1. Taking the residues in segment 242-256 that are touching a strand residue (DSSP E or B) at 6+ places or on another chain (Cβ under 9 Å) and surrounded by fewer than 24 Cβ atoms within 10 Å (Cβ to Cβ) as candidates, determine which candidate is nearest to residue 433 (Cα to Cα).
2. Here is a check on your reading of the model: is residue 317 over 19 Å from residue 259 (Cβ atoms), part of a loop (DSSP other than H, G, I, E, B) and in contact with a strand residue (DSSP E or B) (Cβ under 6 Å, 6 or more places away or on another chain)?
3. Considering segment 156-174 alone, what residues qualify as being in contact with a helix residue (DSSP H, G or I) (Cβ under 6 Å, 6 or more places away or on another chain), crowded, with 23+ Cβ neighbours inside 10 Å and under 22 Å from residue 252 (Cα atoms)?
4. Hey, among the residues in segment 294-325 that are touching a helix residue (DSSP H, G or I) at 6+ places or on another chain (Cβ under 8 Å) and free of Cβ contacts under 8 Å to residues at least 40 places away in the same chain, which one's surrounded by the most Cβ atoms within 10 Å (Cβ to Cβ)?
5. Just checking: which of the helices (runs of 4 or more DSSP H) contained wholly in segment 344-450 hold 2 or more residues that are under 30 Å from residue 190 (Cα atoms) and modelled with pLDDT of 95 or more?
6. Conditions: (1) assigned to a loop (DSSP other than H, G, I, E, B); (2) touching a strand residue (DSSP E or B) at 6+ places or on another chain (Cβ under 9 Å); (3) in contact (Cβ under 8 Å) with a residue 40 or more places away in the chain. Residue 268 meets all but one. Number of the miss?
7. Name the single residue, out of those in segment 396-415 being surrounded by fewer than 19 Cβ atoms within 10 Å (Cβ to Cβ) and either in contact (Cβ under 8 Å) with a residue 40 or more places away in the chain or within 23 Å of the chain's Cα centre (by Cα) (or both), that is farthest from residue 107 (Cα to Cα).
8. Among (1) in contact with a strand residue (DSSP E or B) (Cβ under 8 Å, 6 or more places away or on another chain); (2) in contact (Cβ under 8 Å) with a residue 24 or more places away in the chain; (3) under 26 Å from residue 213 (Cβ atoms), which single condition is residue 50 missing?
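The values are calculated or read from the model by the stated rules, or taken from the named source; none is laboratory data. Model, not experiment: these values are computed from the prediction. So basically every Cβ, Gly included, is an ideal-geometry build from the backbone, and we count neighbours across all protein chains shown.
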């Protein structure tokens, strides 16, 4: 692994290269020493899930923890279980989310169901780097299979929307589960809401044979085509661990996550006047336009759902989320929740009409997204070079560099989960967004390859 164990979302790496059974065992022991008591564990569908889960579970039991194994479920379903069971001291999700199938990861969940705070991760990392003695044979932990977590989670989601109105609307959707953790839970959600669902990639296969698990426009061509062909009300797509959801309109058009964020913000503000919406600096200016028009206020944070969630707690926000389709509903739980996002978007369609018409009414901004391969040891020097190059512009250093221009902005930031550098370029002029994005990609590539 890299020198730092925890990235933006837990510990991740290529299986049997960075993410080994030995590492997972030691992480499990470190988490067990920190969490103590009863710890919940679950996985997504990756082919390495059993190996990593077994190693982490062995580490937890070696230091005396009781492991509650929920099986294959979405990350937010595990988080909901932790949140709603007081006797549980924490959770572990074995997932690499949207990363390619050769990756896997270990995500720590705090006792309140939120992703582990940096303080907790630092404590676990410090323990990881020590020799951790195992318990005597008569005080080792145990493991227990737990059933029913998925059903409780879905029932809780349904309780937070106008389920009767959704059931009576006669909606039809196309659902793409990305061969991931939502293969059972999201079809169950739609069935209970009376929504007709045509499914794609709804069998759990960790090689992600249908398409890569990142729900980008390029990866969702089949969903876009089928949604239009069958005249569905909308298309729905998850990432691998189903904490994120993106949508496709009735006309087969991909809807970016910040548009979903804007539409659901408007819906939330209609019921909670004057509320605060929290989102990272990577979100489109369109979100702030919509929120202000609806009488709300936007607060910006660094990228990362735990950062957004904790800021939401701090400022008592009514809603928040990221531009990648990871939305957070505080009345349910303070974490990204793909199933809750679906239920709320169905509610929006029932209340405000076809999704494509709602999207067409949004302010128009163009966001050009790029990623450049970048070794971890060059990320900070690349940022410093860009800052020096544009030191006369207005700059927001909340996360990476957000450089403002008269006709838009650039966000340049290193990924916390992959050896890449992300570049977002926004403008109301599409050509400007593309050209400026290309310019910054060229600057980054030139520096990295020099």
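1. Among those residues, the one meeting the criterion is 256.
2. Values: over 19 Å from residue 259 (Cβ atoms): yes; part of a loop (DSSP other than H, G, I, E, B): yes; in contact with a strand residue (DSSP E or B) (Cβ under 6 Å, 6 or more places away or on another chain): yes.
Answer is yes for this residue.
3. Within segment 156-174, 174 is the sole residue that qualifies.
4. 296
5. In segment 344-450, the matching helices (runs of 4 or more DSSP H) lie at 355-360.
6. (1)
7. Of the residues in segment 396-415, the ones surrounded by fewer than 19 Cβ atoms within 10 Å (Cβ to Cβ) are 396-398, 404-407, 415.
Imposing the further condition that a residue be either in contact (Cβ under 8 Å) with a residue 40 or more places away in the chain or within 23 Å of the chain's Cα centre (by Cα) (or both) reduces the set to 396-398, 415.
Details: 396: 29, 397: 26, 398: 24, 415: 17 Å.
Top of the filtered list is 396.
8. The single condition residue 50 does not satisfy is (2).
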